[in-house]
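Written below as structure tokens is the structure these notes are about.
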Amino acid sequence: MSLTIKIDGINVHGKHGVYDHEKKEGQEFKIDVVVDLKPNIINFDNYKSESFDNTVNYENLVNDVIEVSENNSFDLIETFAYEILNSLKKYKNIFNATVTIHKPNSPLKEFLDDLSVTVSEEF
């Protein structure tokens, strides 16, 4: 049995990128977060309690992503993704997380539909 929480398209504005204009003006990013909960908490009796002790508050996950974006400036979106992933390690109920960062206004946007980086780690 498994339980996965998936949040798609968290919209953030950030000053991430290697070019000066990206750092000065910033740009929009869309971030997807997928977390798998630890198997030992996944059972019907736990969920009948409807307690955050047996899951993760989605609002907290979204706020963590926004906070990482607003309080940092990264040259690489790879580093940005890893920093978000690292921020999720504080949740005791998560055993695996995946973060995807989409950069819709990439300097290459006229040549491609999407540019993204995905990182995943088991905690």
### Message
I'd like the projected area of the chain, averaged over all directions, using the convex hull of its alpha carbons. Report it in nm² with one decimal.
### Response
7.9
### Task
Pull out the extension gain between GLU28 and LYS89, defined as 0.36 nm times the separation in residues minus the alpha carbon to alpha carbon distance; nm, one decimal.
19.5 nm
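How much mean residue ellipticity at 222 nm does the chain get from its helices, if each DSSP H run of length 4 or more adds -39500 (n - 2.57) and you divide by all residues, to the nearest 500 deg cm²/dmol?
Values: 4 runs with 35 residues, N = 123.
Per the formula, -8000 deg cm²/dmol.
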### Query
What is the distance, in nm, between label points placed 7 Å from the Cα along the Cα-to-Cβ direction at ASN43 and at MET1?
0.8
### Query
Separation between the ASP113 and VAL62 pseudo-spin-labels, each 7 Å from Cα along Cα→Cβ, expressed in nm?
2.7
### Query
Against the longest principal axis of the chain, how steep is helix 58-70, in degrees 0 to 90 to the nearest 10, with axes from Cα atoms?
30
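Read the figures in this text as sums done on the coordinates, not as results from a lab. Only a predicted model underlies this, so the values are computations on that prediction, with no experimental measurement involved. Glycine also receives a Cβ, built like all others from the backbone with ideal geometry; neighbour counts cover every protein chain displayed.
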